[in-house]
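Asker: Below is one structure. I have some questions about it.
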Amino acid sequence: GHFVKNLGSAGDKETETEVLLLEHDVPHQPFSQSVLSFLPKMPWTITEQDMKCREDLRHLCVCSVDPPGCTDIDDALHYRELEDGNVEVGVHIADVSHFIRPGNALDEESVKRGTTVYLCEKRIDMVPELLSSNLCSLRSNVDRLAFSCIWEMNHKAEILKTRFTKSVINSKASLTYAEAQMRIDSASMKDDITNSLRGLNKLAKILKKKRIDNGALTLSSPEVRFHMDSETHDPIDLQTKELKETNSMVEEFMLLANVSVAQKIYDEFPEFALLRKHPAPPPSNYDILVKAAKSKASNLEIKTDSAKALAESLDKAESPVSPYLNTLLRILATRCMMQAVYFCSGMDNDFHHYGLASPIYTHFTSPIRRYADIIVHRLLAAAIGADSTYPELTDKHKLADICKNLNYRHKMAQYAQRASVAFHTQLFFKSKGVVNEEAYILFVRKNAVVVLIPKYGLEGTVFFEEKDKPTPRLEYDHEVPSLTVEGTTLHVFDKVKVNVTLDASNIQHQKIRMVLVEPKV
């Protein structure tokens with residue numbers, strides 16, 4: 001090998017973040033001058049030219065609902081009752097493709113990055129900040145360009161009409177999930193925004209029930225967020241994300257918009273639509289899930305012949321002795337899944353999205369942070385005559401190449417995000433010292449068990465063979481599955497207690513060590 005550069009000292013937070021980005025091949029250098037030269041000149045205003053193919057929707061009561069501290073607001077919603085007793089619902093998405101023109105340096109850089117990467121305390125943007133946090137961000141009380149998907153629905157949430165239009169909107173409020181929830185639940189608030197949220201929430205519940213009846217999966221995964229110390233930026237506390245009803249409300253309309261757009265671009269461009277599919281896992285993937293459920297209680301049967309069967313058997317899998325069991329089964333089910341991928345409709349014939357139980361799906365709702373959505377916006381704009389097409393947009397081999405890169409960047413971003421959580425978890429335990437926590441066994445191996453600590457959403461491996469120590473008597477039974485250590489038998493989903501410490505003996509590979517405390521072995 002040859003020396004390239006010195007990254008800094010091991011264990012240092014900045015350095016470790018840099019290492020993590022390099023290891024996962026995440027493009028993170030500052031945007032070059034040639035890229036920045038294609039940004040609009042400030043102060044920016046909407047011109048008459050911009051309004052030519054757009055509807056003026058600034059009069060509508062539009063609002064956005066996002067996590068706290070969100071500056072890249074991709075989406076906003078509106079709801080209004082119509083004279084004929086039906087309702088109109090709109091999803092308004094930042095019109096990023098208006099600013100990023102095909103083939104220029106800004107476009108090339110965005111397609112290379114493919115996605116925004118969210119680390120624990122750093123965001124690597126796909127597009128420069130002027131767009132991501134300002135001109136494309138649908139902030140409240142400013143005019144913004146949007147791409148709107150507008151439905152006419154009845155009160156049973158059945159779609160009567162769908163239309164797509166480029167638009168200009170002026171959001172009346174940018175709320176957090178908690179603020180939106182508070183308005184919906186409030187007895188005294190009856191303003192337009194609150195009434196809209198209540199209307200949207202009611203429809204979202206119906207849409208969600210329909211999806212689930214249709215066989216969509218709801219699999220929980222314990223996402224962890226760190227509370228940072230505002231001075232040192234060290235993690236002081238971990239919280240597992242709790243999902244509010246309003247998270248689900250926004251999600252339902254985003255899914256609906258994605259499906260509506262997927263259908264439209266496929267109808268218009270059957271050979272060139274950029275879609276997203278989620279293959280059904282091969283049946284053998286489910287072995288660990290089925291065995292684990294059986295081993296815990298004989299009456300728990302997980303059916304895996306279809307997504308619907310799986311969803312229903314997961315809903316029934318409750319155990320009075322172990323209230324956490326259902327969550328564990330869902331986490332385990334997540335591990336059985338395949339990766340969802342982007343593909344070009346002219347190069348493939350299986351479009352089905354297993355997890356969402358939808359025959360067709362794409363990504364339209366997050367163009368600030370995903371490049372796939374920008375292509376989808378361009379396809380949709382061409383389909384409705386709001387923008388012109390260009391040669392690469394209707395070249396299925398070119399699109400297939402783009403999909404390949406997007407799938408790679410997307411996967412790397414996920415790995416980088418996990419590595420970032422792992423590193424921050426290490427910092428957290430470094431400052432905490434030794435702790436004993438309750439955990440559940442997720443997997444049984446030949447000489448170890450993999451456990452999950454719900455309090456921290458943390459997973460780790462407890463090894464029973466250590467060098468320099470006598471090896472305990474181990475009996476592994478992969479049918480059950482179980483592992484017997486010196487006469488103590490451990491099963492999947494058993495509740496145990498582990499001792500957690502940070503092993504910093506190798507500074508470059510610090511790792512969290514877990515030792516079984518109860519049952520005592």
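Asker: Assess whether Arg80 counts as being within 21 Å of Asn201 (Cα to Cα), assigned by the TED database to the domain that holds Thr176, open to solvent by 40 Å² or more (accessible area, probe 1.4 Å) and charged (D, E, K, R). Don't jump to the end; show me each part of the working.
Answerer: On the way: within 21 Å of Asn201 (Cα to Cα): yes; assigned by the TED database to the domain that holds Thr176: yes; open to solvent by 40 Å² or more (accessible area, probe 1.4 Å): yes; charged (D, E, K, R): yes.
Spelling it out, Arg80 is indeed within 21 Å of Asn201 (Cα to Cα), assigned by the TED database to the domain that holds Thr176, open to solvent by 40 Å² or more (accessible area, probe 1.4 Å) and charged (D, E, K, R).
Asker: So which residues in the range 397-439 are at pLDDT 90 or above and among the charged types (D, E, K, R), if there are any at all?
Answerer: Scanning the range 397-439 gives Lys398, Asp401, Lys404, Arg409, Lys411.
Asker: Out of Arg378, Arg370, report the one residue that is in contact with a His (Cβ under 7 Å, 6 or more places away or on another chain) and in the same structural domain as Pro270 (by the TED database).
Answerer: Of the residues listed, the single one that is in contact with a His (Cβ under 7 Å, 6 or more places away or on another chain) and in the same structural domain as Pro270 (by the TED database) is Arg370.
Asker: Determine, yes or no, whether Arg54 is in contact with a Lys or Arg (Cβ under 6 Å, 6 or more places away or on another chain) and either open to solvent by 10 Å² or more (accessible area, probe 1.4 Å) or over 28 Å from Ile402 (Cβ atoms) (or both).
Answerer: Details: in contact with a Lys or Arg (Cβ under 6 Å, 6 or more places away or on another chain): yes; either open to solvent by 10 Å² or more (accessible area, probe 1.4 Å) or over 28 Å from Ile402 (Cβ atoms) (or both): yes.
Yes.
Here is a yes/no grid of residues against (1) more than 21 Å from Val250 (Cβ to Cβ); (2) part of a helix (DSSP H, G or I); (3) basic (Lys, Arg); (4) open to solvent by 30 Å² or more (accessible area, probe 1.4 Å):
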residue: Leu131; (1), (2), (3), (4): yes, yes, no, no
residue: Ser174; (1), (2), (3), (4): no, no, no, yes
residue: Ala178; (1), (2), (3), (4): no, yes, no, yes
residue: Gln181; (1), (2), (3), (4): no, yes, no, no
residue: Ile184; (1), (2), (3), (4): no, yes, no, no
residue: Met189; (1), (2), (3), (4): no, no, no, yes
residue: Ser196; (1), (2), (3), (4): no, yes, no, no
residue: Gly199; (1), (2), (3), (4): no, yes, no, no
residue: Ile206; (1), (2), (3), (4): no, yes, no, yes
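Asker: Test Ser260 against the criterion of being part of a helix (DSSP H, G or I) and within 26 Å of the chain's Cα centre (by Cα), and give yes or no. If you could, list the steps in order and put the result at the bottom.
Answerer: Numbers: part of a helix (DSSP H, G or I): yes; within 26 Å of the chain's Cα centre (by Cα): yes.
Considered against the rule, which asks whether it is part of a helix (DSSP H, G or I) and within 26 Å of the chain's Cα centre (by Cα), Ser260 comes out as yes.
Asker: Looking only at residues in the range 270-309 that are of a type in the set (A, V, I, L, M, F, W, C) and in a helix (DSSP H, G or I), which one is surrounded by the fewest Cβ atoms within 10 Å (Cβ to Cβ)? Show your work before the answer.
Answerer: To start, the set of residues in the range 270-309 that are of a type in the set (A, V, I, L, M, F, W, C) comprises 272-275, 280, 288-290, 292-293, 297, 300, 302, 307, 309.
With the extra rule that they be in a helix (DSSP H, G or I), the set shrinks to 288-290, 292-293, 307, 309.
On the way: Ile288: 19, Leu289: 22, Val290: 18, Ala292: 24, Ala293: 25, Ala307: 21, Ala309: 13.
Among them, the one singled out is Ala309.
Asker: Check the range 331-341 and report whether any residue there is open to solvent by less than 50 Å² (accessible area, probe 1.4 Å), touching a residue at least 12 places away in the same chain (Cβ under 8 Å), more than 15 Å from Ile288 (Cα to Cα) and of a type outside the set (S, T, N, Q).
Answerer: Yes, the range 331-341 contains at least one residue that is open to solvent by less than 50 Å² (accessible area, probe 1.4 Å), touching a residue at least 12 places away in the same chain (Cβ under 8 Å), more than 15 Å from Ile288 (Cα to Cα) and of a type outside the set (S, T, N, Q).
Asker: I'd like to check which strands (runs of 3 or more DSSP E) are fully inside the range 436-506 and have at least 1 residues that are open to solvent by 50 Å² or more (accessible area, probe 1.4 Å) and among the acidic types (Asp, Glu).
Answerer: Details: elements: 448-453, 458-463, 474-477, 482-485, 488-491, 495-503.
In the range 436-506, the matching strands (runs of 3 or more DSSP E) lie at 458-463, 474-477.
Asker: If I ask for residues that are charged (D, E, K, R), under 22 Å from Phe147 (Cα atoms) and assigned to a loop (DSSP other than H, G, I, E, B), which ones from the range 337-376 would you list? Please lay out each step first, then the result.
Answerer: Going residue by residue through the range 337-376, those that are charged (D, E, K, R) are 348, 350, 369-370, 373.
Narrowing the set further to residues that are under 22 Å from Phe147 (Cα atoms) leaves 369-370, 373.
If the condition is that a residue be charged (D, E, K, R), under 22 Å from Phe147 (Cα atoms) and assigned to a loop (DSSP other than H, G, I, E, B), then Arg369 is the only one that fits.
Asker: For the range 377-392, name all the residues that are part of a helix (DSSP H, G or I) and surrounded by fewer than 20 Cβ atoms within 10 Å (Cβ to Cβ).
Answerer: So in the range 377-392, the residues part of a helix (DSSP H, G or I) come out as 377-383, 391-392.
Matches in the range 377-392: Ala382, Ala383, Pro391, Glu392.
Residues checked against (1) modelled with pLDDT of 80 or more; (2) within 30 Å of Gly199 (Cα to Cα):
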| residue | (1), (2) |
| --- | --- |
| Lys244 | no, yes |
| Met249 | yes, yes |
| Leu274 | yes, no |
| Tyr286 | yes, no |
| Ile302 | yes, no |
| Glu312 | yes, yes |
| Val321 | no, no |
| Tyr324 | no, no |
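Asker: Another question, if that's okay. Please note which strands (runs of 3 or more DSSP E) are completely contained in the range 1-117 and include at least 3 residues that are among the charged types (D, E, K, R) and touching a strand residue (DSSP E or B) at 6+ places or on another chain (Cβ under 9 Å).
Answerer: Details: elements: 54-56, 62-66, 75-81, 87-94.
Ranges flagged: 54-56, 75-81.
Asker: Moving to a separate point now. Between Leu356, Leu380, which is touching a residue at least 60 places away in the same chain (Cβ under 8 Å) and more than 16 Å from the chain's Cα centre (by Cα)? Write out each step before concluding.
Answerer: Values: Leu356 fails: more than 16 Å from the chain's Cα centre (by Cα).
Sole residue among the options that is touching a residue at least 60 places away in the same chain (Cβ under 8 Å) and more than 16 Å from the chain's Cα centre (by Cα): Leu380.
Asker: For Asp267, state whether it is acidic (Asp, Glu), surrounded by fewer than 18 Cβ atoms within 10 Å (Cβ to Cβ) and over 24 Å from Lys411 (Cβ atoms). Step through it out loud before you land on a result.
Answerer: Working: acidic (Asp, Glu): yes; surrounded by fewer than 18 Cβ atoms within 10 Å (Cβ to Cβ): yes; over 24 Å from Lys411 (Cβ atoms): yes.
Here the answer is yes, as Asp267 does meet what is asked.
Asker: Here's something else I'd like to know. Listed residues Asp125, Asp95; which is under 23 Å from Phe364 (Cα atoms) and under 19 Å from the mean Cα position of the chain (by Cα)?
Answerer: Asp125
Quick grid of which residues meet (1) in the same structural domain as Pro40 (by the TED database); (2) touching a helix residue (DSSP H, G or I) at 6+ places or on another chain (Cβ under 6 Å); (3) open to solvent by less than 10 Å² (accessible area, probe 1.4 Å):
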residue: Pro68; (1), (2), (3): yes, no, no
residue: Thr71; (1), (2), (3): yes, yes, no
residue: Ala76; (1), (2), (3): yes, no, yes
residue: Val96; (1), (2), (3): yes, yes, yes
residue: Phe99; (1), (2), (3): yes, yes, no
residue: Ser110; (1), (2), (3): yes, yes, yes
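Asker: Select from the range 398-428 the residues that are open to solvent by less than 40 Å² (accessible area, probe 1.4 Å) and small (Gly, Ala, Ser) and write down the one among them that is farthest from the chain's Cα centre (by Cα).
Answerer: Ala400
Asker: Continuing with the same structure: Can you name the number of the only condition in (1) modelled with pLDDT of 95 or more; (2) not in a strand (DSSP E or B) that Gly215 fails?
Answerer: Here Gly215 clears every test but (1).
The values are calculated or read from the model by the stated rules, or taken from the named source; none is laboratory data. Everything numeric in this text was worked out from a predicted model, so none of it was measured. As a convention, Cβ positions derive from the backbone with ideal geometry for all residues, glycine included, and neighbour counts pool all protein chains shown. Quick note on the areas: whole protein, heavy atoms, side chains included, nothing else; ligands and nucleic acids left out. Shrake-Rupley method; radii C 1.70, N 1.55, O 1.52, S 1.80 Å.
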